[in-house]
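Asker: Okay, here's the structure, questions in a sec.
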Ligand code: AMP
């Protein structure tokens, strides 16, 4: 061990477990790419002010959890705690919103929050996200939810539940907000929560503490205050999900808590994860663009947590299909065989076969041990006698069957045996 270890609340991805992370990122992004989402990548840090406005100055993320720094040049920056504000900033900066709408984007990367670390909650974590900017259409909300559900399904996860709610819009939300405030002011709450009632009352509904939850039993719900337009919109989203065979549960208490969130709100939860059960979430945020100085740009998006999705896979005992791992392992005996076999390895790889080699001149016995340990299906063994005869031994590592194949047709034969 070295003197150093990964900082508190972080961990390294190490083989073989790290392959699960690649598989999850691939499974989440593949449906997006097929649905016309273009890849976007933004810096790991932004101006603090972007998040203060784009996430919400009263949120825990901004008040307590951001990694902020002042550069030598005097800029106030923060490591990104989430993706939406940055992606919207980038799209506006590139004037994408002046072209065809909606602008559909996906991204994948690291996010940073100074949270109290526990199982499933880290200070550095990984998300894959998607945003569809500039269209108000229930089919777009449904598309995003379906793509996320399909991603979980393609990974083989069975115990993911989808919670769905509507948060209303600029017409009906303020009326509801006032009614909720009225109710909350009558409760027995601590000082911090009372302050929250005045700044962001919806977030109080999301308070996980038992003593608070108990008092919320009779709280007014947005569902009963939705205007006709919001009701109709939400019904369409629900119908489209049902038609697409995506099961959901109506959760009238589900909030995103930020003032710009509107209408469709959803969260994917997994019951095998304990307290940190949310594997992903998102919603419509029709007001966000204006909050960060852009034009009106009704939009919807989500972010799915890669770390928690991997934990969910492990909780269900599901092994995702791994990106190509070693199929063929080459073991030479002798210097000349080594050169020849290394050449064959290169040709095999270029033809698309995942292949590895017994490096370090370990000798035949140790080489075969490495071959077995690699998980490869075939070993290619080349000794001096084989070389003289112009053949290579192709050994099936499961059955032990071995076949001498002319070197000239080895690539073709190996590929045929693997297919
Ligand atoms: P949020 O941006 O808070 O809506 O988070 C979206 C998803 O990112 C969550 O559902 C989690 O799966 C994941 N996530 C958020 N915060 C953390 C964290 N501190 N550690 C691990 N995963 C996280």
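Asker: From (1) touching a helix residue (DSSP H, G or I) at 6+ places or on another chain (Cβ under 9 Å); (2) within 27 Å of residue 296 (Cα to Cα), pick out the condition that doesn't hold for residue 212.
Answerer: Evaluating residue 212 over (1) touching a helix residue (DSSP H, G or I) at 6+ places or on another chain (Cβ under 9 Å); (2) within 27 Å of residue 296 (Cα to Cα) leaves (2) as the failure.
Asker: Let me ask you something else. If residue 150 passes every condition in (1) surrounded by fewer than 21 Cβ atoms within 10 Å (Cβ to Cβ); (2) within 14 Å of the chain's Cα centre (by Cα); (3) within 16 Å of the ligand (Cβ to nearest atom); (4) within 26 Å of residue 240 (Cβ to Cβ) but one, which one does it miss?
Answerer: (3)
Asker: Here is a list: 238, 253, 203. Which entry is at pLDDT below 95 and either crowded, with 22+ Cβ neighbours inside 10 Å or not in a loop (DSSP other than H, G, I, E, B) (or both)?
Answerer: 203
Asker: Within the range 95-131, can you find the residues that are part of a helix (DSSP H, G or I) and touching a residue at least 60 places away in the same chain (Cβ under 8 Å)?
Answerer: 97
Asker: Taking the criterion of being within 29 Å of residue 296 (Cα to Cα), surrounded by fewer than 21 Cβ atoms within 10 Å (Cβ to Cβ) and free of Cβ contacts under 8 Å to residues at least 24 places away in the same chain, would at least one residue in the range 159-178 satisfy it?
Answerer: yes
Residue-by-condition table, conditions (1) under 20 Å from residue 301 (Cα atoms); (2) surrounded by fewer than 19 Cβ atoms within 10 Å (Cβ to Cβ); (3) within 16 Å of the ligand (Cβ to nearest atom):
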{"site": "70", "(1), (2), (3)": "no, yes, no"}
{"site": "87", "(1), (2), (3)": "yes, no, yes"}
{"site": "99", "(1), (2), (3)": "yes, yes, no"}
{"site": "107", "(1), (2), (3)": "yes, no, yes"}
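Asker: Another question, then. For the condition within 16 Å of the ligand (Cβ to nearest atom) and either closer than 20 Å to residue 397 by Cα or not assigned by TED's automatic domain parsing to the domain that holds residue 396 (or both), what is the one hit in 378, 341, 345, 311?
Answerer: Answer to the check: 311.
Asker: Is it the case, given these coordinates, that residue 6 is more than 19 Å from the chain's Cα centre (by Cα), in the same structural domain as residue 107 (by TED's automatic domain parsing) and part of a loop (DSSP other than H, G, I, E, B)?
Answerer: In short, no.
Asker: Would you mind listing the helices (runs of 4 or more DSSP H) fully within the range 292-393 where at least 3 residues are surrounded by fewer than 16 Cβ atoms within 10 Å (Cβ to Cβ)?
Answerer: 335-350, 363-374, 384-389
Asker: A further question on this structure: Could you tell me whether the range 113-122 includes any residue that is more than 14 Å from the ligand (Cβ to nearest atom) and out of contact with any strand residue (DSSP E or B) (no Cβ under 6 Å at 6 or more places or on another chain)?
Answerer: Scanning the range 113-122, I find no residue that is more than 14 Å from the ligand (Cβ to nearest atom) and out of contact with any strand residue (DSSP E or B) (no Cβ under 6 Å at 6 or more places or on another chain), so the answer is no.
The values are calculated or read from the model by the stated rules, or taken from the named source; none is laboratory data. Computed from a predicted model, the values in this text were never measured in an experiment. Every residue, glycine as well, gets a Cβ built from its backbone with ideal geometry; the counts of neighbours run over all protein chains shown.
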